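A.B. asks: Structure provided below as structure tokens; questions to follow.
Read-outs throughout are calculated quantities, based only on the coordinates presented, and are distinct from any laboratory measurement. Worth saying up front: this structure is predicted, and the values here are computed from it rather than measured. Methodologically, a virtual Cβ is constructed for each residue, glycine included, from the backbone with ideal geometry; neighbour enumeration extends over all protein chains shown.
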Amino acid sequence: MRTERESQIAASLADRFARTRALSAELAEPLSDADATIQSMDDASPAKWHLAHTSWFFETFVLRDHVPGYALHDERFPFLFNSYYEAEGARHARPSRGMLSRPSLEEVLAYRRAVDEALLAALPGLAPDAAALVTLGINHEEQHQELLLTDILHHFSVNPLEPTLWQGAPKVPVAMPGPIGWIEGHAGIVEIGHAGDGFAFDCEGPRHPVLLAPHALANRTVTNGEWAAFIADGGYRTPAHWLSDGWGWVQANGIEAPLYWRMEKGAWTRFGLDGRRPIDPAAPVTHVSFYEADAYASWAGARLPTEFEWEAAAASHDPASGNQLDAACPVEPRPSADGAAFFGDVWEWTRSAYLPYPGFRAAEGAVGEYNGKFMSGQCILRGGSCATPRGHLRASYRNFFYPHQRWQFTGVRLAKDL
Ligand SMILES: [Fe+2]
């Protein structure tokens, strides 16, 4: 017999599951079957694949493993929609995800509806360990909502027509922010990592002490206007600002500006989910790589923060505040009136490598592959972006990408030693 408290927890989990699943479908709503099928680069996945893969996650780890008698919606789908789980066996190659013209978008949406129905029916009877996997699946789907948006932006960017996914609202002119101010950070021993009962990914713990040297963080992120000054000052042509790997990347790829920027009639424009528009000089710069972030910091006489400096400063801020994803619309970083905002707008590159915290142990079984096996050669980003679903973030949240990658909404907060 369930207690009233257990029934309330199951009901709120069902509600969050339904809302999360609905938002994914809403984000894909403007897409044709062709839009949802294409794959513009190996790093990005088709929208249809995101919609199916997130369903596969619930079907595999909850319905198949915890609901007696559940029959797979389609026996062929696990091969197509397993992303990287070796424990789940062979799978379709990632760079070929754009070859899947079948199943159609309509068939994938039917797969989603079937999984939703089965999961909502099973949820009230799930044991706590299975319910915890539903929570993990919801957080997983929220990550894919952000990827769905950044991937479709990339797919559209390589089409010379530069399609517009949503019409943007008219831009209201905003005053340029003043010069960067510096906030002195916590120095000495600070506690880092997730604590408490709420959900966190395994890589956010264990909580542990870290020693911080005296330092300060900028009170806001770097703007497009400041980035344009870096370009005008020869920032992309001056090797002294760049890490060796970064300079090699600039040379090999002819990098001259953030991704999606283009010079038109003497002025910088950018491509976004609302099409091509002039850059907003007051808004945070985005779509820059770790290499670019580090070079900018060097040019500015500063450095990037460590992930620990960032977390110590952000711990007193509301992770649900700021410009984050609430509904299907042309998300983009916005000029912020709140100079101290730590969450939303752009993921902030840190100089910290993605490494396990002391005492880290990956979970048993396939879901143990979620984070731990990627702790090699990647950099930590903190704070979330305009495409991160509101409610998904925490001060301890660790995102990670390779240093050359820049198709996410990635930006820069400066730091300096004191
Ligand atoms: Fe995934």
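A.B. asks: Dipole size in debye (nearest 20) for the chain around its Cα centre, Lys and Arg Cβ +1, Asp and Glu Cβ -1?
C.D. replies: Working: 35 positive and 51 negative charges, 122 e Å.
That gives the chain a dipole magnitude of about 580 debye.
A.B. asks: Given the chain, what whole percent of its Cα pairs are spread farther than 37 Å? List each step's numbers first, then the result.
C.D. replies: Working: 20766 of 87153 pairs.
Of the Cα pairs, 24 percent sit more than 37 Å apart.
A.B. asks: Explain nothing, just the number: dipole magnitude of the range 239-298 about its Cα centre with +1 on each Lys and Arg Cβ and -1 on each Asp and Glu Cβ, in debye rounded to the nearest 20. Each step should come with its number before you reach the end.
C.D. replies: Working: 5 positive and 7 negative charges, 58 e Å.
Taking the Cα centre of the range 239-298 as origin, the dipole is about 280 debye.
A.B. asks: Answer rounded, prolate or oblate for the range 57-108, using the Cα gyration tensor with square roots of eigenvalues a ≥ b ≥ c: rounded when a/c is under 1.5, else prolate when a/b is larger than b/c, else oblate. Mind showing how you got there, number by number?
C.D. replies: Values: a/c = 2.80, a/b = 1.42, b/c = 1.97.
Since a/c reaches 1.5 but b/c is at least a/b, the shape of the range 57-108 is classed as oblate.
A.B. asks: Would you grab the residues whose amide H sits under 5 Å from the one on residue 269? Only those 5+ places off in sequence or on another chain, please, with H modelled 1.01 Å from N.
C.D. replies: Sorted by chain and number, the residues that satisfy this are 262, 263, 264, 279.
A.B. asks: Quick query: amide H of residue 360 versus all other amide H atoms, modeled in the peptide plane; which residues come in under 5 Å with a sequence gap of 5 or more or a different chain?
C.D. replies: Hits under the 5 Å cutoff: none.
A.B. asks: Shape of the range 346-400 from its Cα gyration tensor (a ≥ b ≥ c, root eigenvalues): rounded if a/c is under 1.5, otherwise prolate when a/b > b/c, or oblate? The partial results should precede the final answer.
C.D. replies: Details: a/c = 2.18, a/b = 1.43, b/c = 1.53.
Note, shape of the range 346-400 comes out oblate.
A.B. asks: Can you work out the Karplus-derived ³J(HN,Hα) for every residue in the range 101-117? Use 6.51 cos²θ - 1.76 cosθ + 1.60 with θ = phi - 60°, whole Hz, and x for glycine or proline.
C.D. replies: Here the 3J(HN,Hα) series is 5, 10, x, 6, 4, 4, 5, 5, 5, 5, 4, 4, 4, 5, 5, 4, 4 Hz.
A.B. asks: Any idea what angle helix 4-28 forms with the longest principal axis of the chain, computed on alpha-carbon atoms, 0 to 90 degrees, nearest 10?
C.D. replies: Its long axis makes an angle of about 60 degrees.
A.B. asks: Considering the Cα trace of the range 4-157, what is its radius of gyration and what is Dmax, both in angstroms?
C.D. replies: For the range 4-157, the Cα radius of gyration and maximum Cα-Cα distance read 15.4, 51 Å.
A.B. asks: Select from 247, 126, 210 the residue farthest towards the positive end of the dipole of the chain; place +1 on Cβ of Lys and Arg, -1 on Cβ of Asp and Glu, and compute about the Cα centre.
C.D. replies: 247
A.B. asks: Find the Cα radius of gyration of the range 30-73, compare it with 2.2 N^0.38 Å by division, and give the number to two decimals.
C.D. replies: Cα-based Rg divided by the globular estimate yields 1.49.
A.B. asks: Short version: ³J(HN,Hα) in whole Hz for each residue of the range 82-93, in order, from phi by Karplus 6.51 cos²θ - 1.76 cosθ + 1.60 (θ = phi - 60°), x for Gly and Pro, what are they?
C.D. replies: 6, 7, 8, 7, 4, 5, 9, x, 5, 8, 5, 5
A.B. asks: Taking +1 at the Cβ of each Lys and Arg and -1 at the Cβ of each Asp and Glu, which of 296, 374, 195 sits farthest along the dipole of the range 182-417 towards its positive end, judged by Cα position relative to the Cα centre?
C.D. replies: 296
A.B. asks: Nearest 0.05, what FRET efficiency do residue 326 and residue 240 give at R0 = 51 Å with Cβ-Cβ as r?
C.D. replies: 0.75
A.B. asks: Tell me the angle of helix 128-157 to the major Cα principal axis of the chain, expressed in degrees between 0 and 90 and rounded to the nearest ten.
C.D. replies: It is inclined by approximately 50 degrees.
A.B. asks: When only DSSP loop residues count, what GluC sites (Glu not before Pro) in the range 61-118 have their Cβ near at most 11 other Cβ atoms within 10 Å? Let's see the in-between values first.
C.D. replies: Values: sites: 75, 86, 88, 106, 107, 117; in loops: 75.
Taking the range 61-118 and a limit of 11 other Cβ atoms within 10 Å, the loop GluC sites (Glu not before Pro) found are 75.
A.B. asks: I would also like to ask the following. What number, rounded to the nearest 500 deg cm²/dmol, is the helix-based mean residue ellipticity at 222 nm of the chain, given -39500 (n - 2.57) per DSSP H run of at least four residues and division by all its residues?
C.D. replies: One gets -10000 deg cm²/dmol as the mean residue ellipticity at 222 nm.
A.B. asks: Kindly state, to the nearest 0.05, the FRET efficiency for residue 197 paired with residue 366, given R0 = 30 Å and r defined as their beta-carbon distance.
C.D. replies: For residue 197 and residue 366, the calculated efficiency is 0.75.
A.B. asks: Pick from 361, 21, 270 the residue whose mean-square fluctuation is largest in a GNM of the chain, springs joining Cα atoms under 10 Å.
C.D. replies: 361
A.B. asks: R0 = 35 Å: FRET efficiency of residue 99 with residue 169, Cβ-based, nearest 0.05? Each step should come with its number before you reach the end.
C.D. replies: Numbers: r = 37 Å, r/R0 = 1.05.
According to the calculation, E is roughly 0.45.
A.B. asks: List the residues, sorted by chain then number, that are 5 or more residues from residue 223 or on another chain and whose placed amide H is less than 5 Å from its amide H.
C.D. replies: Amide H neighbours of residue 223, under 5 Å, 5+ apart: 285.
A.B. asks: Okay, next question. Given charges of +1 on the Cβ of Lys and Arg and -1 on the Cβ of Asp and Glu, with all other atoms neutral, how large is the dipole of the range 58-132 about its Cα centre, in debye to the nearest 20? Before the final figure, lay out each step's value.
C.D. replies: Working: 8 positive and 11 negative charges, 63 e Å.
Here the size comes out at about 300 debye.
A.B. asks: Something else: Read phi for every residue in the range 299-316 and hand back ³J(HN,Hα) as whole Hz from Karplus 6.51 cos²θ - 1.76 cosθ + 1.60, θ = phi - 60°, with x for Gly and Pro.
C.D. replies: For the range 299-316, the Karplus curve yields 4, 7, x, 10, 8, 7, x, 7, 5, 6, 4, 5, 5, 4, 6, 7, 4, 8 Hz.
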